[in-house]
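Report on the structure given below.
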Amino acid sequence: MNMPWRLRVLGAVLNRAAEPVEEVTDHAAVRARRHKLWASPVGAVIFGRADSRVTVEDLDISVPGRTLRARVYRPSGVGTRPRPVVVDYHGGGWVQGEPEQSEWFASRVAARTGAVVVSPSYRLAPEHPYPAAADDAWDALCWIAEHGGRFGLDPSRIAVMGDSAGGNLAAVTAMTARDKGGPAVRAQVLIYPAVEMYEKYASEIAMPDAPVLTSANMRAFVRLYLQDAYGTEDQQASPLRAVSHEGLAPAFILTASADPLLDNGAHYREALRRAGVQVRYREYDGAIHGFISLPGLMRGPAHAALDDVTGFLTERLILP
């Protein structure tokens, strides 16, 4: 897994520009700086902004004991009939991140498919360790399925989507929906998902200092998220370790060639296929971790992934 020189240079620049999570002492301050960068003119160039063909609104999701903020991307010009819904979980290692960081991708998925994309927040570690994020992801899905009709959503046509830690939460939520008998999830889109907490696969060993996400970062995120639960083999933490993957919703797994998490996605692909689950898979050559949220740096792979995901979701949510 030789990384092209331009990606090695990009990695050196990006990794030096950010405080490694394993060295952070004030996580709230880091989150505030990340949001400030996202909201800046430079951030608009790097991370992109919402598609002009959608309306963007915020929504409060009230679940027992807490309220989750969600960003909603509603396509224009699709009439008044209830729309399919894609529940999109943001990345950030269960420690960082916010719904806005997925705005470029999520809004374009809405514009191109005609589905409404809802990006809920979830409680972050270390303040709220495992299973807080998984619980919030599940409760958000259930709330959307139960109350979405009031907002023009069709609860019979739901997909889950997420990148990195959000890919973990999407996979976990699809599995929980299967085990609890609903809500019915028609499709899952898992973008460089973190589906295994402990094993160090070949891609991580070969690319320990990759751009955006290093091996040290990966280990720190897991420790911060699991805390006292470190060592658990529960599927709510590592969906790859589930006793069974049978009966899960059809999946599209996307991975990046220059990402230490590459093999997480590849192993999950094989687990699903062994269980008879329909799986579409693509590895994006020359792409780094987080590439769908970095269209200004990774234009080619980001747009290719957008084409692929919208095609998959159209097949699963719109055409049937």
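Laboratory data are not the source of any read-out in this text; all were calculated from the coordinates shown. None of the values given here were measured: they were computed from a predicted structure. Note: ideal-geometry Cβ built from the backbone for every residue, glycine included; neighbour counts use all protein chains shown.
Working note: Karplus 6.51/-1.76/1.60 with θ = phi - 60° gives segment 87-99 the couplings 8, 10, 9, 6, x, x, x, 6, 10, 10, x, 7, x Hz, where Gly and Pro are set to x.
Phi-derived couplings, Karplus 6.51 cos²θ - 1.76 cosθ + 1.60 at θ = phi - 60°, listed residue by residue for segment 46-56: 6, 9, x, 9, 5, 5, 5, 8, 10, 9, 10 Hz, with x used for Gly and Pro.
Counting neighbouring beta carbons within 10 Å and listing from fewest to most, the residues Asp51, Asp154, Asp163 come out as Asp154, Asp51, Asp163. Taking amide H positions as modeled 1.01 Å from N, with prolines and chain starts lacking one, the residues under 5 Å from Arg280 and 5 or more places away or on another chain are Ala251, Phe252, Ile253. Annotation: amide H-H contacts under 5 Å for Val87 (H modelled 1.01 Å from N, sequence separation of 5 or more, or interchain): Val118, Ala159, Val160, Met161. Oblate is the label for segment 28-82, because a/c, from the alpha-carbon gyration tensor with a ≥ b ≥ c as root eigenvalues, is 1.5 or above and a/b does not exceed b/c.
With springs only between Cα atoms under 10 Å, which of Ala174, Ala184, Ala256 fluctuates most in a Gaussian network model of the chain? Comparing Ala174, Ala184, Ala256 in the GNM, the peak value goes to Ala184.
A Gaussian network model of the chain, with springs between Cα atoms under 10 Å, assigns the largest mean-square fluctuation among Thr67, Thr25, Thr176 to Thr25.
The residues Arg269, Arg71, when put in order of fewest to most other Cβ atoms within 10 Å, stand as Arg269, Arg71.
Modelled label positions at Thr80 and Ala202, each set 7 Å beyond Cα in the direction of Cβ, lie 5.8 nm from each other. Extension gain for Ala18 to Lys36 (0.36 nm times residue separation, less C-alpha to C-alpha distance): 5.1 nm.
Extension gain, Glu146 to Val56, is 30.3 nm, computed as 0.36 nm per intervening residue step minus the present C-alpha separation. Mind giving me the nanometre distance, one decimal, between the label points for Asp307 and Ala184, set 7 Å out from Cα along Cα→Cβ? According to this spin-label approximation, the distance is 3.3 nm. Taking a ≥ b ≥ c as the square roots of the eigenvalues of the Cα gyration tensor, the chain is rounded, since a/c falls below 1.5. Couplings 3J(HN,Hα) of segment 199-216, computed from phi: 5, 9, 7, 4, 5, 5, 5, 6, 10, x, 10, 5, x, 6, 10, 9, 4, 4 Hz, in residue order, whole Hz [Karplus 6.51 cos²θ - 1.76 cosθ + 1.60, θ = phi - 60°; x for Gly and Pro]. Per-residue ellipticity at 222 nm, computed for the chain from helices alone with -39500 (n - 2.57) per DSSP H run of at least four residues, works out to -12000 deg cm²/dmol.
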